[in-house]
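First the structure, in the form of C-alpha cells, and then the observations on it.
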Amino acid sequence: MTNKSFPSGLSVTRAKKKAKSFSKEWEIPLHKAQDKIAMEHIGVPWHKAIELLNKPPSNCLDCPLHQVLPDPDPDDWFNDDDCASVCTRTKNELQDNMAKWFIRRSDFRPITVSARPYQVRKESESPDWCPLKDKE
Ligand code: SF4
C-alpha cells in the first residue's frame, strides 16, 4: 500500500503525514483530517479512497468516480438515447466547447461513447489509463 498514490499524484504515505500534521494544527481528530485530504484529492472519504486504491474496480460503473452522460447522435434521432460513461478524475484531452458531439464538450475523459443504454456497463471496463491503477 505504501507506493500507492491518489489520482492527483499525492502518495498515500505523504497523505498520512499531511493528515497527522493537519490534525495537530487544526486540533481535529485524525480521521477528519484524513477525510478532508481524501475528499480534496479523490472526492470520496478516506476509507473509501483506500479501498479504491487497494482494489480498483474492474468496471467503471462500480466506481464512485464515474458518471453516465447522455451522448445523442446529432445526425440520427434514432440514437437519441445513446450514452457515454466518463471518468470524473481524468481530464478530457480532446475537450472542445464547439464540438458537435456532446461528449467532446465534456471536461471528463470518456470511457465509452455512443453506447446504447443497455450496453454501457459492458463497454465500461476499467481502462489501462485508470488513475487508480499503479503507474509503472
Ligand atoms: S477510470 Fe478508474 S477512476 Fe475513472 S471511473 Fe473508471 S475505475 Fe474509476
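The values are calculated or read from the model by the stated rules, or taken from the named source; none is laboratory data. Remember, predicted model here, so these are calculated numbers, not experimental data. Cβ placement follows ideal geometry from the backbone for every residue including glycine, while neighbour counts extend to all protein chains displayed.
Here the condition is being within 19 Å of the chain's Cα centre (by Cα), surrounded by 12 or more Cβ atoms within 10 Å (Cβ to Cβ) and more than 15 Å from the ligand (Cβ to nearest atom); of Asp71, Asp62, it holds for Asp71 alone. Among the numbered conditions (1) modelled with pLDDT of 95 or more; (2) out of contact with any helix residue (DSSP H, G or I) (no Cβ under 9 Å at 6 or more places or on another chain); (3) not hydrophobic (A, V, I, L, M, F, W, C), the only one that His47 does not meet is (2). Entry remark, region 50-59: residues being within 11 Å of the chain's Cα centre (by Cα) and more than 9 Å from Ser126 (Cβ to Cβ) number 1 in total. Give all pairs with beta carbons closer than 9 Å in which a residue from region 44-59 that is assigned by TED's automatic domain parsing to the domain that holds Pro110 and away from the ligand (no atom under 13 Å from the Cβ) meets a residue that is assigned to a helix (DSSP H, G or I) and modelled with pLDDT of 95 or more; count only pairs at least 6 apart in sequence or on separate chains. Once the first residue is assigned by TED's automatic domain parsing to the domain that holds Pro110 and away from the ligand (no atom under 13 Å from the Cβ) and sits in region 44-59, no partner that is assigned to a helix (DSSP H, G or I) and modelled with pLDDT of 95 or more comes close enough.
When we screen Phe108, Phe102, Phe78, Phe6 for residues that are among the aromatic types (Phe, Trp, Tyr), buried (at least 17 other Cβ atoms within 10 Å of the Cβ) and within 24 Å of Arg121 (Cβ to Cβ), the only hit is Phe108. Inclusion of Asp96 among residues that are surrounded by 14 or more Cβ atoms within 10 Å (Cβ to Cβ) and part of a loop (DSSP other than H, G, I, E, B) is not warranted. Of all residues in region 17-33, none satisfies being of a type outside the set (Lys, Arg) and within 16 Å of the ligand (Cβ to nearest atom). Please work out which residue is farthest from the ligand (Cβ to nearest atom), limiting yourself to region 74-101 and to residues that are more than 20 Å from Pro117 (Cα to Cα), without any contact (Cβ under 8 Å) to a residue 40 or more places away in the chain and of a type outside the set (A, V, I, L, M). Per the criteria, the residue is Lys100. Consider region 111-122. How many of its residues are among the hydroxyl-bearing types (Ser, Thr, Tyr), away from the ligand (no atom under 14 Å from the Cβ) and surrounded by 13 or more Cβ atoms within 10 Å (Cβ to Cβ)? Residues meeting the conditions: 1.
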